[in-house]
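Worksheet for the structure shown next.
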Amino acid sequence: MDAEMQRMMKIRPLQEAVINYRATVSKYRTIMKKICVSESKSLINVEMTVDDVKLKLPDPQNIPPLTNLHTATNQSPQGFKC
């Protein structure tokens, strides 16, 4: 009987750990499922209007003039790199 009790004493903490783990994993899965469902609902219900978007063009005064394309690309007129 002592051997049986010792075996039960070793097994019981393991059983409790497994029970706690399963409960925790079940709660975690439930929470993650709720988060995923709410995230997907918010993604599906988003309405996009392209008409409201305005292009941001740079100020023409900030754009440097390109008078000589060869100096802008660091190439000589023959096509060789300087």
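Quick look at the values:
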item: Semi-axes of the equivalent ellipsoid for the range 1-47, Cα gyration tensor, largest first, Å; result: 46, 4, 4
item: About the Cα centre, charge dipole magnitude for the range 1-47 (Lys/Arg +1, Asp/Glu -1 at Cβ), debye; result: 60
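The numbers here are math on the coordinates, done by the rules we state, and not lab data. Note that the structure is predicted; figures quoted are calculated from it, not measured. Virtual Cβ from ideal backbone geometry, glycine too; neighbours counted across all protein chains shown.
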